[in-house]
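> Shown below is the structure under consideration.
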Amino acid sequence: MKQLVLNGLKIISILFALFIQIGCSSESSESTGSIVSNSLYTKWGISVSDVLKGMEQYQLESVDNDYVCCKGEKNVHKMSFLFDENGLCSSLLLFPKDKITLESLQSSVSGNYEYLGERGGTHILVNRVNNTMATISEKVQGSEEYYALGYIVLNPD
């Protein structure tokens, strides 16, 4: 399990780096609970077109065969999705730190997830029923500070 968590953290970090590299950026200011609980973020294996269909009410900022980035609304700055040969494998939401507290973000996730602890500033939660790990960490992009909520499938095989 420890190796699985470490691998998951690496993938979340890679997704975040890709997210920053592509350069999705803009201002935003939605109920965190409804955004966080959207099952689209953890429908492992769905296609890019399925995600695009589910996110059609949002402004699309970047899309290719393995990546989708949408502009968020209200409390969510950006939403991104990473795909591999099996479909959706990871997703990431960025929340401006001045629009949400860490405690409210954790509580919006914790109802369905078991809190495993914190490692290196990253809070780790797992949902064994849905085979999903969630991580919450602080990220900085330029002068802006965000909470990054990442979801990744565990044991995709």
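The values are calculated or read from the model by the stated rules, or taken from the named source; none is laboratory data. Predicted model, so just to flag it, every value in this text is computed and none were measured. Every residue, glycine among them, receives a Cβ derived from its backbone with ideal geometry; neighbour counts consider all protein chains shown.
> Look at Tyr41 and say whether it is modelled with pLDDT of 55 or more and buried (at least 19 other Cβ atoms within 10 Å of the Cβ).
So Tyr41 passes the test.
> Somewhere in the range 133-141, is a residue touching a strand residue (DSSP E or B) at 6+ places or on another chain (Cβ under 8 Å), among the polar types (S, T, N, Q) and buried (at least 20 other Cβ atoms within 10 Å of the Cβ)?
Yes, the conditions are met somewhere in the range 133-141.
> Return the only residue of Ser107, Ser137 being more than 17 Å from Leu40 (Cα to Cα), out of contact with any helix residue (DSSP H, G or I) (no Cβ under 6 Å at 6 or more places or on another chain) and at pLDDT below 90.
None of the others qualify; the one that does is Ser107.
> Another question, if that's okay. With Tyr113, Tyr58 as the choices, which residue is within 16 Å of Tyr151 (Cα to Cα) and surrounded by 14 or more Cβ atoms within 10 Å (Cβ to Cβ)?
None of the others qualify; the one that does is Tyr113.
> Separate question: Checking the structure you have, find out if any residue of the range 81-88 is under 14 Å from the mean Cα position of the chain (by Cα) and either acidic (Asp, Glu) or part of a loop (DSSP other than H, G, I, E, B) (or both).
The answer is no; no qualifying residue exists.
> In the range 68-80, which residues are of a type in the set (Gly, Ala, Ser) and either more than 12 Å from the chain's Cα centre (by Cα) or part of a loop (DSSP other than H, G, I, E, B) (or both)?
Within the range 68-80, Gly72 is the sole residue that qualifies.
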